[in-house]
Amino acid sequence: MRVLLTGHQGYLGTVMAPVLTAAGHEVVGLDSGLFVDCVLGPTPADPQGHRVDLRDITADHVAGVDAVIHLAALSNDPLGSLAPDLTYDINHHASVRLAKLAREAGVRRFLYASTCSVYGAAGGDDLVGEDAPLRPVTPYAESKVRVEDDLHALADDDFTPVYMRNATAFGYSPRLRADIVLNNLVGHALLSGEVLVLSDGTPWRPLVHAADIARAFTAALTAPREAVHDTAFNIGSETNNVTVAEIAEQVAEAVSGAKVKITGENGADPRSYRVDFSRFRTAIPGFDCEWTVKRGALELADAYREFGLSREGFEQRFTRLAVLRAASEAGAVDDTLRWRG
C-alpha cells in the first residue's frame, strides 16, 4: 500500500516507518517538524514526506494514498493541558478534517492512534475491555474520545476507521521521549542513582513497547476488513499491566545500584486501570506483544549509556513540554504552536 504516516518524525512514527517499509509498503510522511531534532543516537533516515501543520493539510496531501496511519497530535497530559483549546483544535478538529479529506480521496483504511487513557479513572483491579465506560480526565484523553466518536460517524462500506487504543508507550526510539513513565524512570536512575517516583506508586499502568505498537499497526493495516472495521482495539499485553511502584522496581533491577525512592508528594493519581488486550489478538491471530517491561528497561539503560544521555537532554531536549517552551521562547513557534522554522 501507499501509506500516509502522520507524525512520522515523532517518538512512535520514527520506529513505525521502517517497520512499514520492511513490510513492503510505500511510506509518505507528514509532520510539522516540532520534535525532529529530539534525536538520541544516529540520525534516523526518514521517508519522504510533507512538512506541514496538521491543521493546514489539503486534499493534495491524501491524493493517491491507499491508507492513513494517524499518529500526529499534541501528545501527553501536561502538553495537552498547556492550552486545552489548542489541544482540541489539533488533536480533535484537525484529525477529523484529515479523516474527511481521506474519505473523499478514496482512502479505504484509516488507523487512528487513540489511547488507553480514555479509561482514565476506571479504578479497581478488574481488566478494562474496549466496551467499558470511557472516563477521560485530561484534555488529551478527551480529545481522543471525541475523534473516535466522529470517525465512527464517517465509517461506511468504503471507509474503514480503526481505533488503536495504545497503552502507555515505552522503549528506545531514535527520537526519544523522556517524559513517559518507564523512559523517565530509567533516565533518572542512570543520571542520579535514584528511581524517583513522585506519586504514591499505587496506580495501575498498562505499558506497550514502541516496536510492538508498530507491529500492531502494520498488522491492522492489512487485516481483513470484517476483522477491524469501525472497531476499537486495546494495544498491549496483560503481562505489562503494572503499578508505578512495580515499574520502579523493574527499573532498579535494570540499572545496577539504583535505589527506588517513592516520595508520594504528588499524592494518589486518579488515573488507574488494568487493561484487557485480548480483542486484538482474536482479530489478528498469531499477534502478541514481544516486549516486557524488564526487557524494555534493560534496552533503554543500554541505549542511554551508549548514546550518552545527559542531564540537560533528559530534562529539556527529550521532554515534549520543555522542547515546546524552548521553541516558543526562541520564536520558532507562534502562539498557535505553528512552526516558524
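I'm trying to understand the selection: among the residues of the stretch 308-321, which are of a type in the set (Gly, Ala, Ser) and surrounded by 17 or more Cβ atoms within 10 Å (Cβ to Cβ)?
The answer is Gly313, and nothing else.
Report those helices (runs of 4 or more DSSP H) wholly inside the stretch 222-341 carrying at least 3 residues which are of a type in the set (Gly, Ala, Ser) and under 20 Å from Pro174 (Cα atoms).
In the stretch 222-341, the matching helices (runs of 4 or more DSSP H) lie at 293-306.
Determine which member of the set Asp157, Asp212, Asp200, Asp179 is closer than 24 Å to Thr43 by Cα and open to solvent by 10 Å² or more (accessible area, probe 1.4 Å).
Asp179
Go through the stretch 68-86 and report how many residues are in contact with a Leu (Cβ under 6 Å, 6 or more places away or on another chain) and at pLDDT 95 or above.
4
Can you find, within the stretch 262-287, the residue that is most open to solvent (accessible area, probe 1.4 Å) among those that are of a type in the set (Ser, Thr, Tyr) and modelled with pLDDT of 95 or more?
The extreme case among them is Thr282.
Residue under question is Val3, and the condition is that it be part of a strand (DSSP E or B), open to solvent by less than 10 Å² (accessible area, probe 1.4 Å), touching a residue at least 24 places away in the same chain (Cβ under 8 Å) and in contact with a strand residue (DSSP E or B) (Cβ under 6 Å, 6 or more places away or on another chain); does it hold?
Judged against the criteria, Val3 is a match.
Residues to consider are Phe277, Phe314; find the one that is more than 30 Å from Ser192 (Cα to Cα) and touching a helix residue (DSSP H, G or I) at 6+ places or on another chain (Cβ under 8 Å).
After applying the criteria, what remains is Phe277.
Just to check your reading of the model, which residue among Asp66, Asp126, Asp77 is under 22 Å from Met164 (Cα atoms), within 18 Å of the chain's Cα centre (by Cα) and surrounded by fewer than 18 Cβ atoms within 10 Å (Cβ to Cβ)?
Asp77
State yes or no: is Gly236 closer than 18 Å to Asp179 by Cα, open to solvent by less than 30 Å² (accessible area, probe 1.4 Å) and not aromatic (Phe, Trp, Tyr)?
No; evaluated as a whole, the condition is false for this residue.
Taking the residues in the stretch 288-307 that are in contact (Cβ under 8 Å) with a residue 60 or more places away in the chain and touching an Asp or Glu at 6+ places or on another chain (Cβ under 9 Å) as candidates, determine which candidate is most open to solvent (accessible area, probe 1.4 Å).
Checked the stretch 288-307; the qualifying residue most open to solvent (accessible area, probe 1.4 Å) is Glu290.
Could you list, in sequence order, the residues of the stretch 14-54 that are in a helix (DSSP H, G or I), within 16 Å of the chain's Cα centre (by Cα) and free of Cβ contacts under 8 Å to residues at least 60 places away in the same chain?
Residue satisfying the conditions is Ala17 alone.
Which count do you get for residues in the stretch 70-113 that are farther than 26 Å from Pro224 by Cα and part of a helix (DSSP H, G or I)?
Qualifying residue count, the stretch 70-113: 17.
What pairs can you find where one residue is in the stretch 64-87 and within 12 Å of Leu30 (Cα to Cα), the other is basic (Lys, Arg), and their Cβ atoms are less than 8 Å apart, with a gap of 6+ or different chains?
Val68/Arg109
The values are calculated or read from the model by the stated rules, or taken from the named source; none is laboratory data. Everything numeric here is computed off the predicted structure, so don't read it as measured data. Positions of Cβ are backbone-derived with ideal geometry, glycine not excepted, and every protein chain shown enters the neighbour counts. For accessibility, only protein heavy atoms count, side chains too; no ligands or nucleic acids. Shrake-Rupley method; radii C 1.70, N 1.55, O 1.52, S 1.80 Å.
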